[in-house]
1. For a quick check of your reading of the model, give me the residue pairs whose first member lies in the range 114-136 and is in contact (Cβ under 8 Å) with a residue 24 or more places away in the chain, whose second is in a helix (DSSP H, G or I) and not aromatic (Phe, Trp, Tyr), with beta-carbon atoms closer than 8 Å and at least 6 apart or on different chains.
2. I'd like to know if the range 6-24 contains one or more residues that are closer than 16 Å to Ala94 by Cβ, at pLDDT below 95 and in contact with an Asp or Glu (Cβ under 7 Å, 6 or more places away or on another chain).
3. In the range 52-77, what count of residues is obtained for those that are surrounded by fewer than 24 Cβ atoms within 10 Å (Cβ to Cβ) and among the hydrophobic types (A, V, I, L, M, F, W, C)?
4. Say whether the condition of being touching a residue at least 12 places away in the same chain (Cβ under 8 Å), more than 19 Å from Ile130 (Cα to Cα) and charged (D, E, K, R) is met by at least one residue in the range 38-55.
5. Identify, please: which residue in the range 78-89 is crowded, with 20+ Cβ neighbours inside 10 Å and not aliphatic (A, V, I, L, M) and is, among those, modelled with the highest pLDDT?
6. Just name the residue that is surrounded by the most Cβ atoms within 10 Å (Cβ to Cβ) out of those in the range 4-49 that are closer than 18 Å to Ser86 by Cα and touching a helix residue (DSSP H, G or I) at 6+ places or on another chain (Cβ under 9 Å).
7. Count, please, the residues in the range 79-135 that happen to be hydrophobic (A, V, I, L, M, F, W, C), touching a strand residue (DSSP E or B) at 6+ places or on another chain (Cβ under 6 Å) and assigned to a loop (DSSP other than H, G, I, E, B).
8. Being more than 19 Å from Thr132 (Cβ to Cβ), within 14 Å of the chain's Cα centre (by Cα) and not hydroxyl-bearing (Ser, Thr, Tyr) is true for just one of Gly18, Gly35. Which residue is that?
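The values are calculated or read from the model by the stated rules, or taken from the named source; none is laboratory data. Quick caveat, the model's predicted, so the values are computed rather than measured. Cβ placement follows ideal geometry from the backbone for every residue including glycine, while neighbour counts extend to all protein chains displayed.
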Amino acid sequence: MFRKGVEKYYREKLGEQGALLFSLIDPDKLSGEPGAKVARASYENGADAILVGGSIGAQGTVLDETVKKIRDAVSNDIPVVLYPGSPGGVTKYADAIYFMQMLNSRDVYWLSTAQIQAAPVVARANIEVIPTTYVVI
């Protein structure tokens, strides 16, 4: 696992570099070894972190195996962070998770229900939580 706290690492890198580069890999589209190859290429070309998730289908065994392969591909030198598309997008094999809320949704599910459903799963996974709010324009 990535040894530093992910949020602390982000702040340090941001202070040094002025910006961060992330690659997002969606296991629903690019799982297992192909996802790990993209992660490795991203890491070798300067990515500061690998985000995993995005689709509702990015969960379960596919997510677990993809994250494990990505971790091996980047040699634990950069964090692997979950970018979940649903409460099912959680795995204990990641370093952290963006615990997200979409502020301008008219659907209460995205304002609070998804977070309520995911909270116990995230707690059991014992990974760092990075609160994240976004607005879709």
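1. Note: pairs meeting the criteria are Glu128/Val6; Glu128/Glu7; Val129/Val122; Ile130/Val6; Ile130/Glu7.
2. no
3. 4
4. Taking every residue of the range 38-55 in turn, at least one turns out to be touching a residue at least 12 places away in the same chain (Cβ under 8 Å), more than 19 Å from Ile130 (Cα to Cα) and charged (D, E, K, R).
5. Ranking the qualifying residues of the range 78-89, first place goes to Pro79.
6. Per the criteria, the residue is Pro27.
7. Total meeting the criteria: 3.
8. On the way: Gly18 fails: within 14 Å of the chain's Cα centre (by Cα).
The unique qualifying residue is Gly35.
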